[in-house]
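Here's the structure, in structure tokens; my notes come after.
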Amino acid sequence: ETISHFNGPDPSMTEAQASPISLIPNTLSLDKFRQLVVIKAGEIIRIDAEITGRPIPVVSWSKDGKDIDTKARCEITSTNFTTTLIVRDVIRRDSGQYVLTLHNVAGTRSVAINCKVLDRPGPASGPLAVSGLTAEKCTITWGPPQENGGAEIMHYIVEKRETSRLAWTLVYGDMKATTCKVTKLLKGNEYIFRVRGVNKYGDGEALESEAVKALDPFTVAAAPTNVQVTSVTSGAMTICWERPVSDGGSSICGYVIEKREKTGLRWCRVNKKPVYDLRVKASNLREGSEYEYRVFAENAAGLSAPSTPCPLTKAEDPQFLPSPPAKPRIIDSTKTTVTLAWNKPLFDGGAPVTGYRVEYRKSLDDEWFVGVQNTKNMEFTVVGLTPGAEYVFVVRSINKIGASEPKFILFNSAIIIIFFFCLTEEADLDLDVPMTTQYTAKAGRDVEVFIPLKGRPAPNVTWRRGDRNMAGDNRYTINSTERSTTLRIPKVTRDDCGKYVLEIENGVGEPKIITVSLRNVTRGKLTLSWEAPLVDGGSPVTNYIVEKKASTMKAYQVISAECPNTSYKVTGLEEDVAYFFRVSAENEFGVGDFCESTEAVRATETPGAVKNLVMLDSTKTSVTLQWTRPDHDGGSHITEYIVEKRSQDEVNWSLGATCKRCTCEVTGLRENAIMDFRVFAKNEKGRSDFSQIGPIPVIDFIIPPEANVVDTTSSTASLVWLKPDHDGGSRIRGYIVEFRAKGSDRWIVYGETKLSKMLVEGLIENSEYDFRVKAKNDAGVSEPQGTFSSVVIKEPLIEPTADLSSITNQLITVKLSNTITIDIPISGRPAPKVTWKLEEMKLKETDRVLIRTTKERTTLIVRDSKRSDSGKYYLILENAAGVMTFTVTVVVVGRPSPPTGPVKISGISSESCTLSWSEPADDGGTEITNYIVEKRESGHASWQVVNSSVQRTTIKVTHLTKYMEYTFRVCAENKFGVSKSIESAAVVIEHPFSRFCFSKTISHILALFGS
């Protein structure tokens, strides 16, 4: 293309002038050079100029101040009268000011020509900065291209690529700004981002970022340190630890504690929710097992590494030295001995007391002597003492930890100094030793009567039955010591029942008479029942252990250690003896806690009183009563229940009815009479105590409905009730609801309804009210059931919640163009405020988006769904009780977008070529299964399928016709359909080298010879 031409030499100029001749363009050329020359990239710049001057000027070309050298694309041709500058295949850098300079001895002249090359823009100004990087998103920033290609930048194309993949994924195809936020990154993946500017001539060169890894700017915290166990018991421990040395850049939001038994392999969570303090109590431990603990710190990045486990700690009650024995005392002394006694220590230190140590010394000496190193008795006699000497005695308790502090024998808080002398003491019973003076035995068994004694000197013992001394009777065996006497009666019979008299005397004081009674009874029995434990400890209950003890005894006795059921028949009990019972469950891990009876029960006694006596119904001539069985049947079966009646004008009770069950109708009553009733339970031993009810009018009676307040608001209360069990012989016509303010005696009738519910309105907020309901039939209005518990009228604060159970895995998949419907039941008091968000964008109602919300549910409807509607939808519920957020993921699936062009054609030969393209910017929400490639010959309208199952983004097309012009098109396919296609430019199939033109060559040769 010729840009301009210069005129030839001016005939008016002479050689004698010897001055440089400036370029003298004509008017047209001068005007053209003053304009901006615009040319498209890839074309040719050609500047022709005619020059003149004497002597012949030296010609030079320059661009932007630099001389232009002849290169592959630049060519400068000059003669005496012309010069030509040719720049081929111009590119964007060829834009600028071209200057032609002429120089001879007469002077210098220059002409400037401005040229602008129109092209795609250059790369954006770097660097491509990545900021705000987290595991899911980041922000990238760049500058406008320094070379805009001669046209305004319309927008930018932003793409991303994982370093492990070759394909680029479109992020934004029409970004106006020079910064954008990239979301939906995969945590831990490494990404490269690139940006291309776009003007009206096409896409510019790409500016790429450095590779960055999608990670949060913070990491998990360091592990907690110094894990210790304190406050150890048999069922619980307290675990303490110190904060991690580093929180990983994010504040610690809690701690997770795990435990492991010494014999186990698996770590188990101690806490269900994160712990915010630096200590936690681990409970429900197995006594005797050893445990170790470790702690995790949790922040926004997740759980830290576990701490170093603490040392193994056994779950057992802490053990200490026992306390000293209680009440140490001197009970006897002689000239050379002292007998000491004491009680068990108040505290055994958590381990059984294995014995006691007695020490003594003379009051004037410092050396202690050990009377006994370890005795299990609570009484000891120190021998070998010096008569008339003063001694000090101490007693220590011993457990496996060691010996307690010494316990001095004190009196008024001073150490007793013992002066030895012979004691005298009146003979009597030793009440410090447990005993009984009433014995009960079964026939045929041996009875041993033990009576503890005391006195100095030792008392004389005489046993009598009636007036007969029993010492010479071979039927009985009597053994007496200084401290006790024992009467043994073998194989007792009814003849042995009666009173036995014990006479003791030792010459000090008056003789003592003690009476012992012996009774023989028949065999007693009763049945125990209980419920299975609520918690079985993770293993089925294998059996129950049943134990008993008489109320006068301290220790329990095992009745059965392998009871398989939740009831047990106890036999062999003694009559008129009160018993306590207890039951424990056992599984493979051991025995659980005991459940004990709260009251003592006697075998074969009269039953307990009936319970929960109420009136069920009343007519003009009868009353129906109901009750529950007694807590115990006295050890024998209840044969019947006896109901007695008495009117208010009568003094004596009369029989009303007898029955076998816990419901009884007493008939034959006088209408309108006011009656009292009482009920007895009866077994083979007799009647129980009675339970009484009354006064009860004998009339047709409507049992009032049982009602309840089920809900309140700031001004209303919702009441519901059940239909009465008895309608009084006439159909219920309606219900009357009354209320009153708390503290008031005046009931206000709110209204009447035939339904079994009513909403009471117009109440005062924060005021307290009582409510009651009456039933109404043809005979009149019932009495109220009674007043409900007082209710405060206020809007309850209930944290909002949503029920997502109907949405599987909180994931909804919708086909493209279909309607997205998210319907979620909600609740909360007061009714929560509902907000919907898509990712970080708050949703508002539009032509496509509808939001419908009531007190019970909220529904989001998105019509004509698009791929851009995919993402996480957040439902935010907010009321005075709190804010809750729920997430539903929506995936809109459909056909993919067209493959990303252009379709590049390479490797052209006479029969084949290679096509390549890029993946679609949008895969339709599912994987691209294949590509479909088609071809069309020039001049034909129909397309032919080349390959319909291409797996990659490149294909070699063969079997093409030489010198035929083809157009190709490509479309992508997923399981939802085929995308639109993109077409290539037309291409002629031929060898990559050009054909040799013989005729032109001959013409050139002839022309040369002709010249």
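Quick one: in the stretch 466-482, of everything that is surrounded by 15 or more Cβ atoms within 10 Å (Cβ to Cβ) and either more than 25 Å from Asp332 (Cβ to Cβ) or at pLDDT below 80 (or both), which residue is farthest from the chain's Cα centre (by Cα)? First the steps, then the outcome.
Of the stretch 466-482, the ones surrounded by 15 or more Cβ atoms within 10 Å (Cβ to Cβ) are 470, 476, 478, 480.
Subsequent filtering for residues that are either more than 25 Å from Asp332 (Cβ to Cβ) or at pLDDT below 80 (or both) retains 470, 476.
On the way: Met470: 79, Tyr476: 75 Å.
Checking each candidate, the answer is Met470.
Of the residues making up the stretch 810-846, those that are touching a residue at least 12 places away in the same chain (Cβ under 8 Å) and part of a loop (DSSP other than H, G, I, E, B) are Leu816, Ser817, Asn818, Thr819, Pro830, Ala831, Pro832, Glu839, Leu843. Pairing residues of the stretch 75-95 that are in a helix (DSSP H, G or I) with residues that are open to solvent by 60 Å² or more (accessible area, probe 1.4 Å), at Cβ distances under 7 Å and at least 6 apart in sequence or on separate chains, gives Arg92/Glu147. Is it fair to say Thr381 is at pLDDT 85 or above and open to solvent by 20 Å² or more (accessible area, probe 1.4 Å)? Taking the combined requirement at face value, the residue satisfies it. Within the stretch 215-246, the residues that satisfy the criterion of being crowded, with 20+ Cβ neighbours inside 10 Å and either under 29 Å from Lys187 (Cα atoms) or not aliphatic (A, V, I, L, M) (or both) are Val220, Ala221, Ala223, Pro224, Trp241, Pro244.
A single entry from Leu340, Leu312 fulfils the requirement of being open to solvent by less than 60 Å² (accessible area, probe 1.4 Å), in contact (Cβ under 8 Å) with a residue 12 or more places away in the chain and touching a strand residue (DSSP E or B) at 6+ places or on another chain (Cβ under 7 Å): Leu340.
In the stretch 250-281, of all residues being open to solvent by 60 Å² or more (accessible area, probe 1.4 Å) and free of Cβ contacts under 8 Å to residues at least 40 places away in the same chain, the one that is farthest from the chain's Cα centre (by Cα) corresponds to Thr263.
Scanning the stretch 48-67 for residues that are under 19 Å from Thr108 (Cβ atoms) and open to solvent by less than 30 Å² (accessible area, probe 1.4 Å) yields a count of 7.
Just so you know, in the stretch 71-86 the residues that are of a type in the set (D, E, K, R) and out of contact with any Asp or Glu (no Cβ under 7 Å at 6 or more places or on another chain) include one that is modelled with the lowest pLDDT, and it is Lys71. Being of a type in the set (A, V, I, L, M) and part of a strand (DSSP E or B) is the filter here, so list the residues in the stretch 132-179 that pass it. Ile140, Ile157, Val158, Leu170, Val171, Met175, listed by residue number.
What tally of residues in the stretch 950-971 results from selecting those that are in a loop (DSSP other than H, G, I, E, B), open to solvent by 20 Å² or more (accessible area, probe 1.4 Å) and closer than 13 Å to Thr914 by Cα? Lay out the reasoning, then the answer.
Of all residues in the stretch 950-971, those in a loop (DSSP other than H, G, I, E, B) come to 951-953, 958-964.
Pick out the ones that are also open to solvent by 20 Å² or more (accessible area, probe 1.4 Å) and you get 951-953, 958-959, 961-964.
From what is left, the residues that are closer than 13 Å to Thr914 by Cα are 952-953, 958-959.
Going through the stretch 950-971 one residue at a time, the tally reaches 4.
Of the listed requirements (1) in contact (Cβ under 8 Å) with a residue 60 or more places away in the chain; (2) within 24 Å of Arg829 (Cα to Cα); (3) touching a Pro at 6+ places or on another chain (Cβ under 6 Å), Ala880 misses just one: (3). Do you know which of the residues in the stretch 848-861 that are in contact (Cβ under 8 Å) with a residue 12 or more places away in the chain and not in a strand (DSSP E or B) is surrounded by the fewest Cβ atoms within 10 Å (Cβ to Cβ)? Across the stretch 848-861, the extreme among qualifying residues is Glu856.
So the check is Cβ under 8 Å with 6+ separation or different chains; which pairs have a first residue in the stretch 371-386 that's part of a strand (DSSP E or B) and a second one that's among the acidic types (Asp, Glu)? As it stands, the answer is Gly371/Glu359; Thr381/Asp332, since those pairs meet every condition given. Exactly one condition in (1) in contact (Cβ under 8 Å) with a residue 40 or more places away in the chain; (2) in the same structural domain as Leu207 (by the TED database); (3) surrounded by 14 or more Cβ atoms within 10 Å (Cβ to Cβ) is false for Glu136; which is it? Against the list (1) in contact (Cβ under 8 Å) with a residue 40 or more places away in the chain; (2) in the same structural domain as Leu207 (by the TED database); (3) surrounded by 14 or more Cβ atoms within 10 Å (Cβ to Cβ), Glu136 comes up short only on (3).
The values are calculated or read from the model by the stated rules, or taken from the named source; none is laboratory data. Being a predicted model, the structure only gives us computed values, none of them experimental. Cβ atoms come from the backbone with ideal geometry, glycine included; neighbour counts cover every protein chain shown. Please note that ligands, DNA and RNA were not included when accessible areas were found on the heavy atoms of the full protein model with its side chains. Shrake-Rupley method; radii C 1.70, N 1.55, O 1.52, S 1.80 Å.
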